Amino acid sequence: MLKAFGAKIKISGNQVALSSGNRLNIPKNLFVPSDFSSAAFFLVLGLILKKSRIRLKKVNINPTRCGLLYALKKMGADIYLKNQQNEIEPYADIIVKSSQLKGITVGPSLIPSMIDEVPIFCVAAAFARGKTEIKGVKELTIKETDRVKSMVSNLKKAGVNIQSQSYRKDNLKIIIKGCQKYSGTEFKSYADHRTAMSMIIFALSAQSSSKIDNLSCINKSYPDFISVIKSLRR
């Protein structure tokens, strides 16, 4: 982004050097792709609902931000990219279809590129066959809420076999043994937007209705989330 505004930046390996005193200029045209973190909820929804197909247009696919794509593909997700472009940021249309997911192990090296998507990934893992382990998630405990606690607590209420464990001194992992059918229940958002949206996606795939205590927290990142959900054609 700084380069697009005319900043003099040199990159060598893992080092970035910036020359000071440059005048920055606004580009005539600046396209901002759709946010991958917001799209992630609809990616998982499209995978776990039966007979579904969702196309998400012009979504940012910067590899440092979309580790969830790699994890879902490893689970066997039917996801493909179309109309790929590479301007300031790479982006593409993401097309996702109903898929039978399988459990996988996600190592700590992938977590930085999917840290905000771990809650919705837990929902995907809940509907996958077999065991999923998500390692290196301690950072989730110091977000808007402790997202390890919020996801484990909520998914357990719905009958998901999920737990968190300490490993390798001071780190955490989440273990989920997936299943295909769950009942709805009463969820808590813990005043956290990603927890709330993740539980809504889960509830849409459950066998009975659910309730959630607070939706106002969603306004922090995606105020139109509920209206977009309602606009999807079944």
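Just so you know, all these numbers are worked out from the coordinates, no wet-lab data involved. Everything quoted here is computed from the prediction, not taken from an experiment. Every residue, glycine as well, gets a Cβ built from its backbone with ideal geometry; the counts of neighbours run over all protein chains shown.
With θ set to phi - 60°, apply the Karplus curve 6.51 cos²θ - 1.76 cosθ + 1.60 along the stretch 62-71 and write out the HN-Hα couplings as whole Hz, x wherever there is a Gly or Pro.
Each residue of the stretch 62-71 in turn: 3, x, 6, 10, 10, x, 4, 4, 4, 4 Hz.
Just from its helices, what would the mean residue ellipticity at 222 nm be for the chain, if runs of 4 or more DSSP H residues each count -39500 (n - 2.57) and the sum is divided by every residue, rounded to the nearest 500 deg cm²/dmol? If you can, show how the numbers build up before the last one.
Details: 6 runs with 61 residues, N = 234.
Rounded to the nearest 500, it is -7500 deg cm²/dmol.
Go through the stretch 147-153 residue by residue and turn each phi into a ³J(HN,Hα) via Karplus (6.51, -1.76, 1.60, θ = phi - 60°); whole Hz please, and just put x for glycine and proline.
For the stretch 147-153, the Karplus-derived couplings read 6, 5, 5, 5, 6, 4, 4 Hz, x marking Gly and Pro.
Which whole-angstrom value gives the distance between the alpha carbon centres of the stretch 66-96 and the stretch 123-185?
So the separation of the two Cα centres works out to 24 Å.
Assuming a ≥ b ≥ c are the square roots of the Cα gyration tensor eigenvalues, decide whether the stretch 1-93 counts as rounded (a/c under 1.5), prolate (otherwise, with a/b larger than b/c) or oblate.
Details: a/c = 3.64, a/b = 2.18, b/c = 1.67.
Verdict is prolate for the stretch 1-93.
Beta carbons within 10 angstrom, averaged per residue: use that to sort the peptides 194-200, 34-40, highest first.
Values: 194-200: 27.0, 34-40: 20.4.
Packing order, densest peptide first, comes out as 194-200, 34-40.
Using +1 on the beta carbon of Lys and Arg, -1 on that of Asp and Glu, and nothing else charged, what's the dipole of the chain about the Cα centre, debye to 20?
Values: 38 positive and 16 negative charges, 122 e Å.
Charge dipole, the chain, about its Cα centre: 580 debye, nearest 20.
Taking the Cα centre as origin and putting +1 on Lys and Arg beta-carbons and -1 on Asp and Glu beta-carbons, what dipole magnitude results for the stretch 57-139, to the nearest 20 debye? Let's see the in-between values first.
Values: 12 positive and 8 negative charges, 72 e Å.
Around 340 debye, computed over the stretch 57-139.
Where a ≥ b ≥ c are the square roots of the eigenvalues of the C-alpha gyration tensor, would you call the stretch 156-234 rounded, which needs a/c under 1.5, or, failing that, prolate if a/b is larger than b/c, or oblate?
oblate
Can you give me the long-range amide H partners of Lys58? Hydrogens built in the peptide plane at 1.01 Å from N, cutoff under 5 Å, separation of 5 or more residues or another chain.
The answer is Ala92, Asp93, Ile94.
Starting from the Cα gyration tensor of the stretch 89-234, take the square roots of the eigenvalues, sort them a ≥ b ≥ c, and report rounded, prolate or oblate (rounded when a/c is under 1.5, otherwise prolate if a/b is larger than b/c, else oblate).
Values: a/c = 1.28, a/b = 1.25, b/c = 1.02.
Rounded shape, in that the Cα axes give a/c under 1.5.
Whose amide H sits under 5 Å from the amide H of Arg129, counting only residues 5 or more places off or on another chain, with H placed in the peptide plane?
Amide H neighbours of Arg129, under 5 Å, 5+ apart: Leu101, Lys102, Gly103.
Collect residues whose amide H, placed 1.01 Å from N in the peptide plane, falls under 5 Å from the amide H of Val106; neighbours closer than 5 in sequence don't count.
Distant-sequence amide H within range of Val106: Glu133, Ile134, Lys135.
So if each residue of separation counts as 0.36 nm, and I subtract the Cα-Cα distance between Gln84 and Gln165, what length gain in nm does that give? Working shown, then result.
Working: separation 81, 0.36 × 81 = 29.16 nm, distance 3.92 nm.
Gain on extension, Gln84 to Gln165, equals 25.2 nm.
Could you tell me which of Met151, Ser166, Cys179 has its Cα farthest along the dipole of the stretch 132-184 towards the positive end, charges placed at Cβ (Lys, Arg +1; Asp, Glu -1), taken about the Cα centre?
Cys179
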